[in-house]
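For reference, the structure is listed below as structure tokens.
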Amino acid sequence: MPPKRKYNDEYITFGFTDITVNKEVRPQCVICTTVLSNDALKPAKLERHLKTVHPNFSDRSREFFEGKKENFKKMKLGTSGTRFETSEKVLHTSYEISLLIAKSKKPHTIGETLIKPCLLKATEEILGKEAAKKMQDIPLSNNTVKSRIANMSQDIEEQLIWLIKKSPWFALQCDESTDVAQCCQLLIFVRFLSGDNTIKEELLLSQVLETTSRGVDVMKIILDYFEKHKLMWENLAGFCTDGAPAMLGSRSGLATLVKQKNPTTLTTHCIIHRQALASKTLPKDLAFAMKISIQLVNAVKNSALNTRVFQKLCANMDAEHETLLFHTETRWLSKGNMLARLFELREELKVFLIDKGMNYLHEQLCEPKIEMQIAYLSDIFSHLNHLNLQLQGSGNVKLEGSANIFVFEDKVRAFVCKINLWIDKTQVKNYSVFPTLRVLIDDEHYKCFTEDIQHNVLEHLRVLKEEFTRYFPEYGVVDTDVVKKLIRNPFTVEVNNVQEEMQEELIDLQNDSNLKSSFEYSTNLEEFWCKKAMGYPNIRQTALRFLMVFSTTYLCEQGFSSLLSIKNKQRNRLNPSDDMRLALSNSIVPRISQLTPVENTAVDYWTIAHYKCAKIANVALQDRWKHAECSLKISLTGQHPDDLTTAKEMVTLIQSVFDKMMRQSQQEAYQTQTKKNKLIKYM
């Protein structure tokens, strides 16, 4: 890094004085107030500015620039050296627009290249040129928007840390993925009890793993973050990850390392990942039908020409849809959607395959048995997709407030019971739960293949049940955990079965008729234990610990989807952490009104008088500076709830100081006037 240059008094001959910006000395023109970089502190560069920008003043004497400098000191300048301070409303607007840019996951340059020109054009057309001039003052450059987003992100993070510390328990979900620049991005979300006694979920940390993504690497980042913000491991109720060895390894996996810090933490494997793994296994015949389905889709989608031809063919045949869908292993719902669309457009696809001379694929698609197998796969994966949507919970607006382990446990158990029901129905050739397959079975053309398809369906349903039992062993038996029964329904648990310190409290709870009525009419467990049962702290604390646990990493998957929009090929060098926090923040909003004065004002004695005290009795605004014989340095950003109390105390303190100073000045004035009166009297 090159050494910083220093200002020389001789530079005034070129019309430049010095100013300190961000602890760095920079040259400032006394004519146009322009501030140059520290690197411009060279006679040649300063002289070039004078001759090119102010040629009419290039032959003036040193005394002329000295006089400009004296006038320059009397000017009202901003902290960055600009001629006037930016107004609070303009700053607030700049922050609001920057927040919208981050929320919409757009590039920072859009503020200067699109939003501001649109504002100026619309304002000039509707309100006139004078109003447009005011809009011109809104700072929306790339660097400004980036700075605003960073400030708001820091403010949200500080609020979040404070809320986590106030919460009795909190839980984490963690996952990592590779972005477009081949960087390994780590996302960690937190679930906690907010101040309004509701469970909230927010992005805690977004950071790049610089080298490997082992459990110890992720653990080091978490340890450093906990230490930096003084988060307590004892309050960590749960930790949820995917099934990668780096996360769930028995020796050096991340979950194992977390257990070492807090053995009571409940570590879980994302149930959506487990459901996707359980759905993968297919019998031989159905696996072949799936393979043929993927080949059929690729035959159309692997060529741009084929895609256009097939689209035109579907339009000519009045099909409801005109394109096939790709299947991706990493996308949970893609397999079911792909099969449903393929079966829907099978007649159009047969025509396309004949035109293109793809005889093998045409023969396979016209095979009644394969056609029936594709129909069954379409139906069964439709049921699996429905279960997947039910298990998303966190991040799914429709399932908000029902993202706890008890709800998901019920969903999985219910699905396993449905599989038993489907097996029983299939054995008696009742295919009512498979509507697509049922249409073919009722067709006489497919009658001779019903026995084979019945065997395939039964074989797959039995395999599916075995896989769900293997991946969800804890849901395969009746839950005998007293604590979970207590959380599910505290009014049906035997008092003698719970811990001694909760027995008397449980008796009081079970005999609380109002609370029992609230439990019966409560929409979900979270609402009851968070808001209704506050009079029973011991039982409530136990319930909250289980309700706080994540069961899925769905929020991380949502975050990675947002990352694709924020960090794309055109912005592959961006550090997306601040943008991600603003884009994914749900319940915490930045306190823009508190950010604007702090950034642009030196916080000292008279600043507090203006911004914190508003008005000080007995002292005129223009006379306040006369009484400021001492400088009181203080920083009240409002980022902590105690700041409000501190600010009120400072108002009282400052008022008392001014009152004392005024009394002293009044006494001195009175004594002086008394002496004058005595002199007059004796004259």
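The values are calculated or read from the model by the stated rules, or taken from the named source; none is laboratory data. Source: prediction; values computed, not measured. Backbone-built Cβ (ideal geometry, glycine too); neighbour counts: all protein chains shown. Note: accessible area is taken over every heavy atom of the protein model, side chains too, but ligands, DNA and RNA are not part of it. Shrake-Rupley method; radii C 1.70, N 1.55, O 1.52, S 1.80 Å.
Would you mind calculating the gained length between Glu444 and Asn538 on full extension (0.36 nm times residue separation, minus the Cα-Cα distance), in nm to one decimal?
So the chain would gain 27.2 nm between Glu444 and Asn538.
Placing a pseudo-label 7 Å from each Cα along the Cα-to-Cβ vector at Lys220 and Glu63 gives an inter-label distance of 6.7 nm. Only protein heavy atoms count here; on that basis, with a 1.4 Å probe, Trp169 has an accessible area of about 40 Å². Surface listing: His49, His386 arranged by accessible area from highest to lowest gives His386, His49, probe 1.4 Å. For Lys42, the aspartates and glutamates whose Cα falls under 17 Å of its own Cα, not counting residues fewer than eight places away in the same chain, are Asp9, Glu10, Asp18, Glu24. Using a probe of 1.4 angstrom and keeping all protein chains present, the accessible surface of segment 9-81 works out to 58 square angstrom per residue. Qualifying trypsin sites (Lys or Arg not before Pro) in segment 272-353, where qualification requires a DSSP coil assignment and no more than 11 other C-beta atoms within 10 Å, comprise Lys280. Measuring against 26 Å, Cα to Cα, the residue pairs Lys165/Lys531; Lys411/Lys465; Lys350/Lys418; Lys105/Lys291 contain Lys350/Lys418; Lys105/Lys291 as the ones spanning a longer distance.
Placing a pseudo-label 7 Å from each Cα along the Cα-to-Cβ vector at Glu158 and Asn420 gives an inter-label distance of 5.7 nm. Computed over protein heavy atoms with a 1.4 angstrom probe, the accessible surface ordering of Leu563, Leu114, Leu266, largest first, is Leu114, Leu266, Leu563. Under the √(5λ) rule applied to the eigenvalues of the Cα gyration tensor, what semi-axes describe the equivalent ellipsoid of segment 178-221? Give them in Å, descending. They are 28, 12, 6 Å, listed from largest to smallest.
Note on Val309 and Glu124: with the Förster distance fixed at 60 Å, the Cβ-Cβ geometry gives a FRET efficiency of about 0.75. Once the Cβ-Cβ distance of Asn568 and Lys228 is raised to the sixth power relative to R0 = 41 Å, the FRET efficiency obtained is 0.85. Solvent-accessible area of Trp422, all protein chains in place: 10 Å² (probe radius 1.4 Å, heavy atoms, ligands and nucleic acids excluded). Note on Met317 and Asn586: the model spin-label points, each 7 Å out from Cα along the C-beta direction, lie 4.3 nm apart.
Built from the Cα atoms of segment 482-548, the convex hull projects on average onto 3.9 nm², one quarter of its surface area.
Relative contact order of segment 434-510, please, whole-number percent, based on alpha carbon pairs below 8 angstrom and at least 6 residues apart. Over segment 434-510, the number comes to 15 percent. Spatial offset of segment 317-387 relative to segment 242-281 amounts to 35 Å, using the alpha carbon center of each. The H on the amide N of Leu204, modeled in the peptide plane, is under 5 Å from the matching H of Ile188, Phe189, Val190, each at least 5 residues off or on a different chain. The Cα-based radius of gyration of segment 278-475, divided by its Kirkwood radius, gives an Rg/Rh of 1.00.
Send over a whole-number figure in Å² for the accessible area per residue of segment 482-548, probe 1.4 Å.
Roughly 55 Å² per residue, with all protein chains present.
Given a 1.4 Å probe and every protein chain left where it sits, what share in percent of the accessible area of segment 160-253 is carbon and sulfur?
Values: 2040 of 3970 Å².
Answer for segment 160-253 is 51 percent, counting heavy atoms of protein chains only.
Looking at segment 217-358, the accessible area is 49 square angstrom per residue; that uses a 1.4 Å probe and ignores ligands, DNA and RNA.
Overall, segment 9-81 carries a charge dipole of about 240 debye about its Cα centre when +1 sits on the Cβ of Lys and Arg and -1 on the Cβ of Asp and Glu, all other atoms neutral.
Between their Cα atoms, which of Lys6/Lys228; Lys261/Lys567; Lys4/Lys228; Lys51/Lys116; Lys166/Lys261 are more than 25 Å away from each other? Cα-Cα > 25 Å for Lys6/Lys228; Lys261/Lys567; Lys4/Lys228; Lys51/Lys116; rest within. Of the solvent-accessible surface of segment 278-475, computed with a 1.4 Å probe over protein heavy atoms with every protein chain present, carbon and sulfur atoms account for 52 percent.
For segment 9-81, the fraction of alpha-carbon pairs lying more than 17 Å apart is 37 percent, rounded to a whole number.
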